[in-house]
Amino acid sequence: MGLIQETDHGTPPSGSAGMVSLTIDGMAVMVPEGTSIMRAAMEAGVTVPKLCATDSLAAFGSCRLCLVEIEGRSGTPASCTTPVAAGMAVATQSERLKQLRRGVMELYISDHPLDCLTCAANGDCELQDMAGAVGLREVRYGDEGANHLGQQKDTSNPYFTFDPAKCIVCSRCVRACEEVQGTFALTIEGRGFASKVAAGMDEDFLASECVSCGACVQACPTATLIENSVIEIGQPEHAVVTTCAYCGVGCSFKAEMRGGELVRMVPYKDGRANHGHSCVKGRFAFGYATHRDRITRPMLRARTTGPWREVSWEEALGHVAREFARLQKTHGRDSIGAITSSRCTNEETYLIQKLVRSGFGNNNVDTCARVCHSPTGYGLGAAYGTSAGTQDFDSVEQCDVMLVIGANPTDAHPVFASRMKRRLREGARLIVIDPRRIDLVHTPHVSADFHLALRPGTNVAVLTALAHVIVTEGLVDENYVRTQCDWDGFQAWADFVAEQRHSPEAVASLAGIDAGLIRDAARLYATGGNAAIYYGLGVTEHSQGTTTVMAIANLAMATGNLGRPGVGVNPLRGQNNVQGACDMGSFPHEYPGYRHVSDSATREIFERMWHVALPTEPGLRIPNMLDAAADGTFKGLYIEGEDIVQSDPDTAHVAAGLAAMECVVVQDLFLNETADYAHVFLPGSTFLEKDGTFTNAERRINRVRRVMPPRSGMADWEITQALARAMGLDWTYTHPAQIMAEVAATTPAFAGVSYELLDRVGSVQWPCNEAAPTGTPVMHVGHIARGKGRFAITDYVPSEERTGQRFPLLLTTGRILSQYNVGAQTRRTENLRWHEEDRLEIHPNDAEMRGVREGDWVRVQSRAGATSLRAHITDRVAPGVVYTTFHHPETQANVVTTDQSDWATNCPEYKVTAVQVSPTNGPTDWQRRYRAHSAASRHVAAAPAAE
Amino acid sequence: MPRASPRLRGSMSPDKLVMMANQISRFFASQPGGQAARQVADHILRFWEPRMRAAMLVHFAAGGVGLDPVAREAVALLDHHDPAADLHTRPAAPSG
């Protein structure tokens, strides 16, 4: 096993259908029209020397190393910027070219440190390679003249170093920041000899608007921009392709290793979700995997206030098996359950629901999708017949109008956001519907055509108003609706949305937006060409989350924006495997493949496979489990990879529910907040320590590959299997491939999925079966999966959570780029440098009325509870709205959120909480008590001395 | 340990179950077809664990205070539900 070297063709592919024939060094070559000579040569097996060219960036033509001669043309044009032409005869090597290239290289090297042996890039340096390629043997210019050798390094960024002394000013970093990432944080400052790469307004990298995506580091052909881990460890010697464990984009990475040590994560060019791009989390924030807080031995304790005691796996698992048996004997079969996580692999989730159904004998299994995208499953299932997004990410390249609602892609899905921004810079139009002025509204060279800064909780009213305009102004794609949708249902819906009470003018004051904006946005969505809707948790986490998803589905059907590239409905999933967790049957009412537990035909499939009679009634959802615990009928819980005390709403209620249980088992990397209430801790494994698959937001099933052994000795799927065996189940899996084979054998949409296929083709999007052996990038092509698309009436029902004199502001919560979910991983990395605490965003007017200044401590009080944090005054939020993140347990934003939830799925209403904000001088009573409890409950007893 | 929430509720709390049933009813009551009570009952059968349904039936038997008319009609249908009947024989309900 060695490093994985992707071929760099120098310039991007042309994409043209027309072909051109030419000769390169006498060889006949045929390539698409518009291809550069450099790329054509590479495809013919001829490598033209280059420095400023790389195929992730548009040709630039600055380094003058890739010169070629073309028969019949004068001069020596750059092969990167010169397109092929029919009949062209190109020579890539001649005496003149050799002299020119050597001269160019000699000048580069004359102002470059000759410290190759001690340079961190030694062995991975394109400048070094090109010096060899052009046969440079001497540098005639000494270093007495003006040079750049003494310049100071910029070490401000925790993950990479910028050494300007080694810079050849090829602009690859600047162009990567612009073209790939879309941040435009870098520039070439000065002219001629004074030219230099500068971040922001010539600040250090950390202080600039750089988002640390790593694109510049990856693009740099020298050691000018290089990972600190490579400086510290050295060059990697082998690599394994795997999938990022952060957000729902599901980027493919090369985990580049030296022995068993991870040197760096490099985005994989052939990864179909990310095409070689990355963000600060996936690229750099992997230090948690080896953090000192990792727990690597199983632990037990009798009381949650007592110290933990390290025990053997056998003792821990035996204890859980006995306790669960005792609880079921005492309190009934339904007194225990399990929670799986969107951070788990598909195979782990499949095993947990199998353990619950075939081992516990009930359906008490749920997943954290309950608190994020469960309304997506219900809403899209009702409208289209499949509980998933309709497109692949590549579809954005053919999109003319993006409608982004309740999503903040630049923070939560940054790699896909870069692709959105690229398409927007190419001319696509943008509608943003969000209470906050998210970065996408105004970002370099991108401005939203319309930002509908609606009042939190009014999504349904605004989407129905958009539909009103589309219907009443005759913008419906009637042909699509007549052929693809239930016509009677459409007519009832059209009559409903056409009512005057749904007009923009009627909705404007309720939503706090100008009626004209709503009308213009609706017209653009309906008439602007291929229109796609991208949405996130700002849609789902409401009491009408499901209705909002249905309203979105209605818009796409009414305008015929479904069933082809460039359009569709695209839920941006929060965590890496939200889609997969739902697919794998982790909801309490359905088996893998979204089949209800009461469906006897499906049940029989699993009964035959598992050799056990299965329960027919739905189990408890997460909030119901906690409620039942409070009632005294739910006593035992196995939680893998989830931290419900921090992530779920109404923290005090969650904590009380857990405290009422007799056996709480937490399987995780760290003693998280939920482990404060646990009796058993099972040490889990990181994504680097196990095999499996994740399914991203575009239904893409991607391989997770083990690059190092599990620190606890067992991968998570092995722990679940060991627990099942301790409970008397005869499970004998030896590799997750066997688990996926079982999924394929029982679940029609996965019938064609196997590790062999994934290893062969890279990844596939479900459905993958006999009808679609290599997967389905775009769904509902030709016809909607359920037969005829179903329009739902989307009557607006105001949230019960309303502002008043006591609680006059609306709190909405979300994420930030550098942190991930509850922060268990990212808080244990240098990402803390960007976000060391949660802050409350408050509008200047609201702050002034309360005497709150920037950085002041404020108390946020709701009906559920109160917390304190520091204020950030900004007009990014509208008057009357405040916003915070939930990444830090010290803040615990969810102490404030309430138990209001979606009508269909009980997805919590995180996005609407009525609060009051007031100045304070310290933590709340809850925070003080919680800190004391947390400190007391994490004590690990010293191991007894060896005899 | 921090004190339990003063608002600690159990899943069998009638207030909470009534609120959930009414929320479901408001959605289905707005749909065309005149099948709202049946659809609400189906939804509850599909997604509510038996303990929750049993608690709702107890509350219903005691007068069903707080239930809106459609929810009340739906709970009456639950009262006559045959637990052995396959739900999937009726029009499919989606996941969630």
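Computed from the coordinates by the stated procedures, all read-outs in this text should not be read as laboratory data. What you see is a predicted model, and the numbers here were worked out from it, not measured in a lab. Reconstructed Cβ throughout: ideal geometry from the backbone, glycine too, with neighbour counts over all protein chains shown.
The table that follows gives values for the structure above.
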item	result
Span from the the stretch A:393-410 Cα centroid across to the the stretch A:29-48 one, whole angstrom	33
Cα→Cβ-extended label distance, 7 Å offset, between residue A:315 and residue A:863, nm	4.8
Relative contact order (percent, whole number), chain A, Cα cutoff 8 Å, 6+ residue spacing	13
Cβ-derived FRET efficiency at R0 45 Å, residue A:479 paired with residue A:890, nearest 0.05	0.20
At 0.890 mPa s and 25 °C, Stokes diffusion of the protein assembly as shown via Kirkwood alpha-carbon radius, µm² per second	81
DSSP beta bridge pairing in chain A, given as percent antiparallel to the nearest 5	60
Order of A:557, B:56 under a 10 Å beta carbon neighbour criterion, fewest first	B:56, A:557
Extension gain, residue A:761 back to residue A:30 (0.36 nm per residue minus Cα-Cα distance, nm)	260.6 nm
Separation of the residue A:195 and residue A:925 label points, Cα + 7 Å toward Cβ, nm	6.7
In Hz, Karplus ³J(HN,Hα) per residue of the stretch A:320-326 (6.51, -1.76, 1.60; θ = phi - 60°; x = Gly, Pro)	4, 4, 5, 5, 5, 5, 4
Sum of -39500 (n - 2.57) over DSSP H runs of 4+, divided by residues of chain A (222 nm, nearest 500)	-8000 deg cm²/dmol
³J(HN,Hα) computed for each position of the stretch A:383-400 - Karplus, 6.51 cos²θ - 1.76 cosθ + 1.60, integer Hz, glycine/proline x	7, 10, x, 9, 8, 7, x, 9, 10, 9, 5, 4, 4, 4, 5, 10, 8, 9
Formal net charge of residues neighbouring residue A:100 (Cβ-Cβ distance under 12 Å; K, R +1; D, E -1)	+2
Within 10 Å of each Cβ in A:645-657, the average number of Cβ atoms from other chains	3
Modelled label reach - residue A:781, point 7 Å along Cα→Cβ, the stretch A:523-566 residues with backbone N closer than 14 Å	A:562-566
Highest-first arrangement of A:924-931, A:818-825, A:693-700, where packing means the average Cβ count within 10 Å	A:693-700, A:818-825, A:924-931
Extension reserve of the residue A:115-residue A:397 stretch, reckoned as 0.36 nm per residue once the Cα distance is removed	97.2 nm
Set of lysines near residue A:281 by C-alpha distance (under 22 Å), chain-local residues within fewer than 8 positions excluded	A:254, A:269, A:421, A:690
Counted charge near residue A:752, where neighbours are those whose Cβ lies closer than 15 Å (Asp, Glu -1; Lys, Arg +1)	-2
Likely footprinting exposure, A:591, A:480, fewest C-beta neighbours within 10 Å first	A:480, A:591
Placed amide H near residue A:784: partners under 5 Å, 5+ positions off or other chain	A:789
nm² value of the averaged projected area, convex hull over the Cα atoms of the stretch B:13-79	3.8
Amide hydrogen neighbours beyond the local backbone of residue A:915, cut-off 5 Å, H modeled	A:809, A:810, A:811
Under 5 Å, built H, 5+ apart or other chain: amide partners of residue A:251	A:244
Chain lengthening between residue A:95 and residue A:426 when straightened (0.36 nm per residue, less Cα-Cα)	115.0 nm
R0 of 30 Å, Cβ-Cβ distance residue B:15-residue A:938: FRET efficiency to nearest 0.05	0.25
Neighbour-count order for A:275, A:291, fewest beta carbons within 10 angstrom listed first	A:291, A:275
Phi-based couplings in Hz for the stretch A:635-651 (Karplus 6.51, -1.76, 1.60; Gly and Pro marked x)	10, x, 9, 10, 10, 10, x, 10, 10, 5, 5, 8, 8, 8, x, 6, 3
